[in-house]
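**Student:** One structure, pasted below without further comment.
Derivation of every value follows stated rules applied to the coordinates shown; laboratory data play no part. Keep in mind it's a predicted model, so treat the numbers as computed, not measured. As a convention, Cβ positions derive from the backbone with ideal geometry for all residues, glycine included, and neighbour counts pool all protein chains shown.
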Amino acid sequence: MAATTLTVIPFPHPVGRPVALCVVAVAAAWIVLRPQSALALLDWSPHLLQGFAMNVLISASAIALGTLVGLVLGVLELSSLRLLRLPAIVYVQIFRNAPHLVLIFATTYALPFEMAVGGWHVAFPDWLKAVVGLAVPASAHIAEIARGSIQSIPAAQWEAAGSLGFGRLQTLRWIILPQGLRRSLPAWMNLYASIAMGSALASLVGVGELLHAATDASTAVRRTDFTIAVYLTVLVAFFAYCYPISRLTQRLERRFAV
């Protein structure tokens with residue numbers, strides 16, 4: 001009987017698939033573009049870049065504010081005082097499961113357009129309201145990340161610090177939190193990528209970010225091929241920004257795996 005030869009067809013590595021799809025999408029956009037639309041896209045590129053810079057500003061500000069509030073909430077969730085622990089738990093459970101778009105609309109209409117500070121009227125722009133709207137769910141998620149990372153530290157660390165004369169707050173500040181930071185960093189980066197993508201929702205409340213700029217460009221040019229290309233550009237921009245964060249998160253998870 002003749003031997004049967006099996007031919008194995010190599011399949012692309014999963015890491016390369018998103019990159020390949022991104023390249024194909026960009027190539028398809030340029031193929032369908034007519035010269036006039038290509039020039040129009042080039043003319044609108046500064047406006048699109050300015051909009052994307054707003055996305056970066058909103059997401060970075062939201063994750064920074066959310067981290068500060070979330071760390072405090074995560075510590076309060078572990079407090080032995082019921083008066084401090086219960087409000088933190090209620091906050092986290094409510095806003096961790098709230099839609100980002102609802103919170104952005106809520107902060108947009110709930111916060112004033114300007115604030116009086118010492119006799120001065122300070123404007124409260126819409127992009128800053130979007131920052132608050134995204135920082136609220138971010139703080140709830142970071143509180144859970146902080147709580148989990150603190151609880152993952154062995155109890156012997158607390159006992160050893162106590163035997164050396166450290167108080168509870170000193171132990172938390174100098175021993176527990178530095179160790180928990182390494183364990184929480186991958187989850188924090190994954191959350192930031194989600195917040196960065198969610199910053200596109202700010203366009204629905206009039207913030208001039210990338211999606212809003214793409215809509216302006218599409219409305220002004222009014223060409224189907226240009227509209228396809230400009231929204232593909234939005235897709236590629238977010239992919240180019242968030243995909244490296246995702247890859248770095250996976251590396252950190254493997255490095256810090258226990």
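**Student:** Which order do peptides 225-232, 115-122, 99-106, 206-213 fall in by mean Cβ count within 10 Å, highest first?
**Tutor:** 206-213, 225-232, 99-106, 115-122
**Student:** Is there a quick way to get the dipole size of the range 41-255? I mean about its Cα centre, with the Cβ of Lys and Arg at +1 and of Asp and Glu at -1; what is the value in debye to the nearest 20?
**Tutor:** 800 debye
**Student:** Separate question: For the residue pair Val56 and Val72, what label-to-label distance in nm results when each label sits 7 Å from Cα along the Cα-to-beta-carbon direction?
**Tutor:** Each label point lies 7 Å from its Cα, and together they span 2.9 nm.
**Student:** Return one number: the angle in degrees, 0 to 90 and rounded to the nearest 10, between the long axis of the Cα atoms of helix 100-110 and the longest principal axis of the Cα atoms of the chain.
**Tutor:** So the helix axis and the longest Cα principal axis differ by about 80 degrees.
**Student:** Within 10 Å, count the other beta carbons around each residue, average over each peptide in 160-168, 43-51, and list them highest first.
**Tutor:** Listed from highest to lowest mean packing, they are 43-51, 160-168.
**Student:** Here's a follow-up. Report the label-to-label distance for Ala110 and Gln179 in nanometres (one decimal), using points 7 Å from each Cα along the Cα→Cβ vector.
**Tutor:** Label-label distance for Ala110 and Gln179, simple model: 3.8 nm.
**Student:** Next question, about the same structure. Computed from these coordinates, which is Rg and Dmax of the Cα atoms in Å: [x] 18.8, 60; [y] 23.8, 97; [z] 16.7, 46?
**Tutor:** Working out Rg and Dmax of the Cα atoms in Å from the coordinates points to [y].
**Student:** Using a simple charge model, +1 on the beta-carbon of Lys and Arg, -1 on the beta-carbon of Asp and Glu, nothing else, what dipole does the range 179-258 show about its Cα centre, in debye to the nearest 20?
**Tutor:** With Lys and Arg at +1 and Asp and Glu at -1, about 500 debye.
**Student:** Along the positive direction of the dipole of the chain (beta-carbon charges: Lys, Arg +1; Asp, Glu -1; about the Cα centre), which of Ala106, Leu211, Ser61 reaches farthest?
**Tutor:** Ser61
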